[in-house]
């Protein structure tokens, strides 16, 4: 029974919540319910990590719970503001919308996710090459454990850069607001899967889908070994244009992140909640 759960969890989680979002919008429901649906997804991810943990020790907080909540609130709030302001930004574009008008909603969402994924992945790749960008992206790599919720752990500056890179095609093409809302919701669900502590078995999907079994390799310590698997949603094209694709590796990987990235994450959270203690060197053991 547990093996069945491990095989079905990832596709059921992603497609189930995406179907719920599509149904909500298609039936005339308010897009304001989508953030509430994200909260439900976070809770479901939390339960799944207790049912079939990849590393049981990662289910135990390591003085990071409040920090992660702070980052999630700030960053998800940023995304909500973006979606609300899309019509304002679209009004600045001096030409008529070029977005296809005859596609079903699910096809619109699929197209928008591909565009968003490409832009965010390019920014992510650049953040591992340009030192100034890395200083902000390093916050995301300061985690001591991998679990679904810390997929939302990002510095607001880097979050903004990723949003700009991912949504520029949307703005230029005049994406419908409801499509943008569902696509951003899908990204939040994908991040929960990408950093999940569920011992999921996705079979051959690992060659095309960038969830936890693929993305864990990206969080190892070595600049060489961890310089792989940059994609947000898919693994297609990794070898060709933005780094190697690493699917399977045996052994134990230790992730040691610099003091700077951990301190920056702590400072950001202290500005919201003064009880957060300063982070230090982080170590993440990833048995693969």
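None of the figures in this text is laboratory data; all of them are computed from the coordinates on show. Please read all numbers here as calculations on a predicted model, not as lab measurements. Cβ placement follows ideal geometry from the backbone for every residue including glycine, while neighbour counts extend to all protein chains displayed.
Just a few scattered comments:
- Highest average first, the peptides 138-146, 103-111 ordered by how many other beta carbon atoms sit within 10 Å of their residues are 138-146, 103-111.
- Alpha carbon convex hull of segment 2-202, volume per residue in cubic angstrom: 125 Å³
- Protection-proxy order for peptides 153-160, 210-217, each taking the mean of Cβ atoms within 10 Å per residue, highest first: 210-217, 153-160
- For segment 1-94, fraction of C-alpha pairs farther apart than 24 Å, in %: 41 percent
- A full extension of the chain between residue 23 and residue 65 corresponds to an added length of 11.9 nm, given 0.36 nm per residue minus the alpha carbon distance.
- Where the alpha-carbon atoms of segment 47-89 are placed on the principal axes, they occupy 46, 22, 12 Å, in descending order.
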